[in-house]
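Student: Quick one: the structure is below, and I'll ask about it shortly.
The values are calculated or read from the model by the stated rules, or taken from the named source; none is laboratory data. Keep in mind the model is a prediction, meaning the values are calculated, not measured. So basically every Cβ, Gly included, is an ideal-geometry build from the backbone, and we count neighbours across all protein chains shown.
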Amino acid sequence: MMARLSEHGIRLSSMSPSYLESNSTSHTWPFSAVAELIDNASDPGVTAKNIWIDVVTVREQLCLSFMDNGSGMTPNKLHKMLSFGFTEKGSSKSSHQPIGVYGNGFKSGSMRLGRDALIFTKNGGCQSVGMLSQSFLQAIKAQAVIVPIAPFNQQTKALVVTEDSEASLRAILKYSLFQSVSELQEQLDSIQGKKGTKILIWNIRRNKDGKPEFDFDTDAEDIRLPEIQSEETQGKWRRDYYKHRRDSNSVPEMEFSLRAYLSILYLKPRIQIILRQKKVQTKLIAKSLSMIENDVYKPQFINERVKITFGFTQKNKEHYGIMMYHKNRLIKAHEKVGFQVKSSGQRSGVGVIGVIECNFLKPAHNKQDFEYTKEYRLTLAALGLKLNDYWREKKEKKAKERAFQALERKSQEGDTEETEEEDEDGEEEEEEEEVYDCFPPKLFTQQCCGTCFALLVIC
């Protein structure tokens, strides 16, 4: 079959189905894929107030469910979201800037979590069902990625007939978890309100032992990573080492608890996340520290003043480093700088956390790191110097406090000794008074014979 031609009469490039898999591998940590879907719901143009994340079973298939109450999508916008190379994220002029810039988050995130995804969306006038499915493309032996989309009139529920809507609907009913239009409609009706989007991901990724990559059973209100990691994370943690570190509390909880990670995902949350029917309580890191000090970073490469907050963690002092955000979203957690990166065995910088929003840096595609640019290296170096200054200042203050406390203790000990001496003198005086009470004072002013002295002793 000939490829479609562009308006210039030249064949359009096509995307191989295998790219869906390779594109998803940028997310070596599965929680970063979950964050991509939350980012999409909170971006400008969607601005959902709530997103519900849950685990459901459909036709004996375990599914991850994401539902928001945002503005929904038109069929055209849905097609762009499911396609590669389309994004409108850079066009926002408001103060609420989109987190991503490539328009690749949904594809990489959803396909990292599972092989197949259905998207149900309604925008008040039209409702649509779209499918991004590796299983479907494999079954039809597709040579290029195709995304079936079936639009419906939101009032009449009737299929909107377009050049490919009927073929798309047949493909969705044959290769998805739902086999009738009424079942699709039930899913659309489950979206609260007239607008919103729901995503169902199935054929979720499994470990070598055949169990799901996620642990859904240990905590009914959380999604956790089991002790045995999948192939992507086995390179980062060996099983026995990972277990030892988790048991010893040296691994931050956010690394294996989705609830803990989502609680610090945004610097200033604009969306309420409900995980497995329970709200995620936001933790404002900068306000949870002790001995807080604010500093300012002035990058050489931009004319901006960037606020940095330093403080000591009040929980596990082994969880320290810089929390680096970008456009309100956590990109890199517990990045060690300054004294903290030295391996000399000294405990300098331990327990210190810094919080900074680095909008001037460029995140990597998976939004779990920054591109290793000159600007990034300069920023880490500057943060290291500022953290060192903070550490020295607090260390000197602590030393002075200890010296003052030592002097106080010494002073108190001296007062105690004086008090004891006074008590001894007092006891001697009391003994003398008792003697004086037994004999009149004139007995001591006259020379006494031995008999008198004996009588005195007997008394």
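Student: Any residue in region 257-279 that's in contact (Cβ under 8 Å) with a residue 60 or more places away in the chain and not assigned by the TED database to the domain that holds Ile53: show its pairings with residues that are surrounded by fewer than 20 Cβ atoms within 10 Å (Cβ to Cβ) and among the polar types (S, T, N, Q) at Cβ separation under 7 Å, as long as the two are six or more apart or on different chains.
Tutor: Going by the 7 Å Cβ cut-off, the qualifying pairs are Tyr266/Asn328; Leu267/Asn328; Lys268/Asn328; Ile271/Asn50; Gln272/Asn50; Ile274/Asn50.
Student: Here's a follow-up. Would you call His319 part of a strand (DSSP E or B) and in contact with a His (Cβ under 8 Å, 6 or more places away or on another chain)?
Tutor: Judged against the criteria, His319 is not a match.
Student: Which residues, counting only those in region 193-221, are touching a Leu at 6+ places or on another chain (Cβ under 8 Å) and loosely packed, with under 13 Cβ neighbours inside 10 Å?
Tutor: Result: Glu221, single match.
Student: Which residues, counting only those in region 322-349, are part of a strand (DSSP E or B) and on the phi > 0 side of the Ramachandran plot?
Tutor: Once the filter is applied, which keeps residues that are part of a strand (DSSP E or B) and on the phi > 0 side of the Ramachandran plot, region 322-349 yields only His334.
Student: Among residues belonging to region 15-61 that are of a type in the set (D, E, K, R) and in a helix (DSSP H, G or I), point out the one that is surrounded by the most Cβ atoms within 10 Å (Cβ to Cβ).
Tutor: Asp39
Student: Residue check: is Tyr390 at pLDDT 95 or above, farther than 15 Å from Glu335 by Cβ and of a type in the set (Phe, Trp, Tyr)?
Tutor: Criteria met by Tyr390.
Student: Still on this model: Scanning region 359-368 for residues that are outside any strand (DSSP E or B) and in contact with a Phe, Trp or Tyr (Cβ under 9 Å, 6 or more places away or on another chain), which turns out surrounded by the most Cβ atoms within 10 Å (Cβ to Cβ)?
Tutor: Among those residues, the one meeting the criterion is Asn366.
Student: Assess whether Glu408 counts as being surrounded by 10 or more Cβ atoms within 10 Å (Cβ to Cβ), at pLDDT 90 or above and of a type in the set (Asp, Glu).
Tutor: Criteria not met by Glu408.
Student: Just to be sure I understand, how many residues within region 300-317 are closer than 27 Å to Lys374 by Cα and either among the aromatic types (Phe, Trp, Tyr) or over 26 Å from the mean Cα position of the chain (by Cα) (or both)?
Tutor: 6
Student: If you check Ser190 against the conditions, is it surrounded by fewer than 18 Cβ atoms within 10 Å (Cβ to Cβ) and more than 30 Å from the chain's Cα centre (by Cα)?
Tutor: So Ser190 does not fit the description; no.
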